[in-house]
Amino acid sequence: MQYPWHALHGQALDVERELTADDERVYVIALSDGSLTHLPVWMTETAAAAPATVVTSPVVSVAGLITLRRLLDAVLDVSAAAPDAQGRR
């Protein structure tokens, strides 16, 4: 794992399969406890290890903001539909 800010950074991972979700390639990986999770392929590439650049005037792309919005909408939608510990929605 190349991405330095991920909890699995530096570890060798067992890839179960590769999928595409929302036009992004992801690996399904097996964790040490046997559970499965997914990981964006780009986090495993050498470029992900490049040091971050600090700038005085950050710029965010519209495409990046749209992707973030979709992610937040999906998380909030799942959270709203999921029952709490007492089975209530």
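Here are a few things to note about the model shown:
- Residues of the stretch 45-65 classified as small (Gly, Ala, Ser) and either surrounded by 10 or more Cβ atoms within 10 Å (Cβ to Cβ) or under 23 Å from Met1 (Cβ atoms) (or both), total: 6
- Cβ pairs under 9 Å, 6+ apart, first in the stretch 41-59 and over 23 Å from Arg17 (Cβ atoms) and assigned to a loop (DSSP other than H, G, I, E, B), second open to solvent by 80 Å² or more (accessible area, probe 1.4 Å) and not hydroxyl-bearing (Ser, Thr, Tyr): Ala52/Trp5
- Some residue of the stretch 14-22 being in a loop (DSSP other than H, G, I, E, B), touching a residue at least 24 places away in the same chain (Cβ under 8 Å), open to solvent by less than 60 Å² (accessible area, probe 1.4 Å) and of a type outside the set (Phe, Trp, Tyr): no
- Lone qualifier among Ala80, Ala30, Ala7 - being open to solvent by 60 Å² or more (accessible area, probe 1.4 Å) and at pLDDT 90 or above: Ala7
The values are calculated or read from the model by the stated rules, or taken from the named source; none is laboratory data. Computed from a predicted structure; not experimentally measured. Because the Cβ atoms are built from the backbone with ideal geometry, glycine has one as well, and the counts that use them run over all protein chains shown. All accessible areas refer to the heavy atoms of the entire protein, side chains included, with ligands and DNA or RNA removed. Shrake-Rupley method; radii C 1.70, N 1.55, O 1.52, S 1.80 Å.
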